[in-house]
Amino acid sequence: MSQLFLSPGVPDPACRLRVVAPQTPPGRVAMWLGALLDTLPTPALTIDRTTAHRNAERMRERCRALGVRLRPHVKTHKTLEGGLLATGGTRRGIAVSTLAEARFFADGGFDDILLAYPVPTARLEECAGLARRLDAFHVLLDRPEALASLRQRPLGHGKRWLVWLKLDCGNGRAGVRPTDPAALELAQAIANDAPEEVTLVGVYAHCGNTYGCSGADTIQAIARTTTNAVLSFVAAHPIPEMSQLTELHPGNYIFYDLQQTQLGSCQPQDVAIRVLTRVIGHYAHRGQLLVDCGWAALSLHGAGAGQGPQGCAAIDGHPELRLVGLTQEHGLLEHAGGQMDFGRFPVGSVLALIPYHACATAAMHPVYYVHEEGKVVALWHPVRGW
């Protein structure tokens, strides 16, 4: 059945490597299973298992209540374990951002995978391989040339390209504007020009412009505007079944982060992710602590809008501390009141940073230390590459 959904959110053409293995040899991190958090090598990305499980179940309940299908986006964690958690163990119905993710999850037994990214026509053979291999591999497009590329590469063996038309409802990234006459023409071409080769599955919109909001009311207003724009578009669509929203594709919700807290999407207790860092120096003349977490373990996302490093992370349990400096492997902390009590933070002590953007921070780490009651209970290894 045709579907319509909203997503709550350039590969190198020469790249053909299958990126399916963790970059850090498992034997070098397996020793940390059962370890106390404050003994981990820092900087270390940690995930509270109880919180992550609660977030996953809450999102499933929300989608059930809304009567829509949950197709979790896995781009935040990029792990098989996170995918199992998000799908409730079914391994079916996920969205990915890269072909490396698609291959990784396919190798891990996942099926019904949507590449939520404009179809990379320079890598069409890789897409075709996934489409032939999987029960369902979906692609997005927003231009006639991409459709022509798909038609020039029929899948054969009774398989058809499963295509979603990407709409830009105000986010200003990929997609064709729903008010553009060319959008309807493209939808009709996907649906009608070569039904034996291409199937129009639905239309796709991403409310990424909500990241500029400052509260639930403005977020809901953008979501409402996007929904109305999509529904207005499908009202003129040649496929009458596409008359309602049928899928939601959230991704950040397993971990959440400081940004989502500030937006009002979650409460502070819902944030499962932390980056542990150690104090490695005292500089009394500057009133600063030096820690072993730089931007290479945190990212610089959040430093914009004049906030500087302070916007990149909050220090868990210590609202009096501010992150004021970040270089590649170093961070600087100051006391907001100007008087640092160095005795409270001896060299070697561990602090936990709440990152501004979980997706960007997780991309910096080769392993996630999943913990419960202060001990590491699992190690998640994300896929890397494109």
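The values are calculated or read from the model by the stated rules, or taken from the named source; none is laboratory data. Everything quoted here is computed from the prediction, not taken from an experiment. Neighbour counts are summed over all protein chains in view; Cβ atoms, including those assigned to glycine, are modelled from backbone coordinates with ideal geometry. Areas reflect the complete protein model, heavy atoms only, side chains present, ligands, DNA and RNA absent. Shrake-Rupley method; radii C 1.70, N 1.55, O 1.52, S 1.80 Å.
Out of Gly374, Gly294, Gly287, Gly308, which single residue is open to solvent by less than 40 Å² (accessible area, probe 1.4 Å), under 25 Å from the mean Cα position of the chain (by Cα) and on the phi > 0 side of the Ramachandran plot?
One residue alone meets the criteria, Gly308.
Checking Arg133 against (1) surrounded by fewer than 22 Cβ atoms within 10 Å (Cβ to Cβ); (2) closer than 19 Å to Trp164 by Cβ; (3) basic (Lys, Arg), which single condition isn't satisfied?
(2)
Among the residues of region 55-71, which ones are surrounded by 14 or more Cβ atoms within 10 Å (Cβ to Cβ) and modelled with pLDDT of 95 or more?
Selection gives Asn55, Ala56, Met59, Arg60, Leu70, Arg71.
Taking the stated definitions as given, is Ser349 within 30 Å of Phe104 (Cβ to Cβ) and touching a helix residue (DSSP H, G or I) at 6+ places or on another chain (Cβ under 9 Å)?
Against the criterion (within 30 Å of Phe104 (Cβ to Cβ) and touching a helix residue (DSSP H, G or I) at 6+ places or on another chain (Cβ under 9 Å)), Ser349 does not qualify.
Which members of region 134-163 meet the condition of being at positive phi and assigned to a strand (DSSP E or B)?
Result: Gly156, single match.
Quick one: count up the residues across region 82-123 that are closer than 22 Å to Tyr369 by Cα and of a type in the set (Asp, Glu).
Counting residues in region 82-123 that are closer than 22 Å to Tyr369 by Cα and of a type in the set (Asp, Glu) gives 1.
Restricting the first residue to region 253-266 and requiring it to be closer than 21 Å to Gly83 by Cβ, which pairs with a second residue that is hydroxyl-bearing (Ser, Thr, Tyr) and open to solvent by less than 10 Å² (accessible area, probe 1.4 Å) meet a Cβ separation below 6 Å and a spacing of at least six or different chains?
Phe255/Thr76
Please note which strands (runs of 3 or more DSSP E) are completely contained in region 279-385 and include at least 3 residues that are under 21 Å from Gln260 (Cα atoms) and at pLDDT 95 or above.
The strands (runs of 3 or more DSSP E) meeting that bar are 313-315, 321-326, 350-355.
Taking region 39-88, which residues are touching a Ser or Thr at 6+ places or on another chain (Cβ under 9 Å), among the hydrophobic types (A, V, I, L, M, F, W, C) and part of a strand (DSSP E or B)?
Ala44, Leu45, Leu70
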